[in-house]
1. Among Leu413, Leu375, Leu383, which is open to solvent by less than 70 Å² (accessible area, probe 1.4 Å) and under 43 Å from the mean Cα position of the chain (by Cα)?
2. Consider Glu402 against the criteria (1) open to solvent by 50 Å² or more (accessible area, probe 1.4 Å); (2) in contact (Cβ under 8 Å) with a residue 24 or more places away in the chain; (3) more than 22 Å from Thr160 (Cα to Cα); (4) among the acidic types (Asp, Glu): it satisfies all of them except one. Which criterion is unmet?
3. Can you spot a residue in the range 63-78 that is modelled with pLDDT of 95 or more, under 26 Å from Val126 (Cβ atoms) and not in a helix (DSSP H, G or I)?
4. If a residue must be assigned to a loop (DSSP other than H, G, I, E, B) and either modelled with pLDDT of 90 or more or more than 30 Å from Phe269 (Cβ to Cβ) (or both), how many such residues does the range 366-386 contain?
5. Among what's in the range 16-62 and is part of a helix (DSSP H, G or I) and among the β-branched types (Val, Ile, Thr), pick the residue that is modelled with the lowest pLDDT.
6. Looking only at the range 409-463, which residues are out of contact with any helix residue (DSSP H, G or I) (no Cβ under 6 Å at 6 or more places or on another chain), among the polar types (S, T, N, Q) and not in a helix (DSSP H, G or I)?
7. Could you please tell me which pairs satisfy a Cβ distance under 7 Å, a separation of 6+ or placement on different chains, a first residue in the range 316-334 that is on the phi < 0 side of the Ramachandran plot, and a second residue that is charged (D, E, K, R) and open to solvent by 30 Å² or more (accessible area, probe 1.4 Å)?
8. Identify the single condition in (1) in contact with a Leu (Cβ under 9 Å, 6 or more places away or on another chain); (2) among the basic types (Lys, Arg); (3) without any contact (Cβ under 8 Å) to a residue 40 or more places away in the chain that Arg381 does not satisfy, given that it satisfies every other one.
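The values are calculated or read from the model by the stated rules, or taken from the named source; none is laboratory data. Bear in mind the structure is a predicted one, so any value in this text is a computation, not a measurement. When we count neighbours, we look across all protein chains shown, and the Cβ atoms used for this are built from the backbone with ideal geometry, even at glycine. Ligands, DNA and RNA are excluded from the accessible area calculation, which covers all protein heavy atoms including side chains. Shrake-Rupley method; radii C 1.70, N 1.55, O 1.52, S 1.80 Å.
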Amino acid sequence: MNDTKSNAMWGGRFAAGPDAIMEAINASIGFDKRLYAQDIRGSRAHAAMLAAQGILTDKDAEAIREGLLTVLSEIEGGTFEFSTALEDIHMNVEARLKALIGEPAGRLHTARSRNDQVATDFRLWVRDQCDAAIDGLTALMSALVTQAEAGADWVMPGFTHLQTAQPVTWGHHMMAYVEMFARDRSRFTDARVRMNESPLGAAALAGTSFPIDRHATATALGFDRPSANSLDAVADRDFALEFLSAAAICAMHLSRFAEELVIWSSAQFRFVALSDRFSTGSSIMPQKKNPDAAELIRAKIGRILGAQVALFTIMKGLPLTYSKDMQEDKEQTFDAADSLMLALAAMEGMVKDMEANRPSLEAAASSGFSTATDLADWLVRELDLPFRDAHHVTGTLVAMAEKKGCDLPDLSLAEMQSVHEGIRDDVFGVLGVHNSVASRMSYGGTAPDQVRAQVARWKEMLG
């Protein structure tokens, strides 16, 4: 379609169409065409409302409805020809509708603007992405709960500063991520509630003099209510920013877990084996099995956080209401959503497939004086030592064991009594890693019984 025809779609103000550079910088159809379903859905709701209000005839409304369904079918069937000259998805759909049904197509845009149209389309699309993220997180959480249930009593080292700290259970570690991803899921749920207001009918910025029913279109599109201020409705993109914020936090959690999988699957750790489906080989080293999926998930935070920063930067200096800058809101959000959904799916697959190496986990749990805190606690509980004194005694015994090249349970009772004469033989009962984790029965602790209780709670909540 030539520039003159494009120009005729949006007014007679300019005699000539834009030149090639202006067309290239102004057009958004290259990326906003993915809003086609939301755009057609919004137009159908708008046309139905116009007819119900007597602004459109039933005949014209029916022609528009049938025409829009044809356009939808063409786009989904891959036969629709998108035109850069027509700038965006709205004008592309409207132009094709006019070719299909003629003059009634021109009545569709009554009582609306591209400003409230794109705000509605984009809000619908982001709302759909919240739903997709919630579903993806639910699936990942279910996979983690399954891992936790299988290894509720498998011991492994807990780390601080990536140094062995205290023994924990595999199930407890898996459930930590369930809690993190549950908060991510709640953020998307909360964001969805806040964004669920319809901008449609705000028109360019001031509303319209036509007797429209904004509550009807809001209901038809699944919104809770129409937006209460027409300026705000077309001016803000905080719904996209909130989605990106939730996505960035979620991607950070995914990245942390991915980093652990990279470490755990290394030859130095051998905590887990990742399946061949989520690993690759080396081009020159036949022994290698690289955790590429985990590494790529780890990197996705860069793209997603970058999208959030980009949109904050775009929006921060814009006066009310709409400015063309806001056309730049979509590409980053599209890319971030795609990256997040892919990362969630890949992580779910890895968690389902991965196999924990129980002997390696237990051997690592027993190393690095991991039960030193249990010894200090025993000294407080059984000998009534102040904790600081118990900490000093334990530190002395750790130094003794380190000098001998053994672990705490390998010291003799006589050697322990040389540091504190009150130590008794039953101290050895708290020095094993299984005894250690079993004793952590405080709510939220690592004891297998506590882990199983949390597993049962989450299985019920996840259905």
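1. Leu375
2. (3)
3. Yes.
4. 3
5. Per the stated criteria, the residue is Ile21.
6. Ser412, Ser418, Ser442
7. Short answer, once both residue conditions are applied: Leu318/Asp325; Phe334/Arg34.
8. Every condition holds for Arg381 apart from (1).
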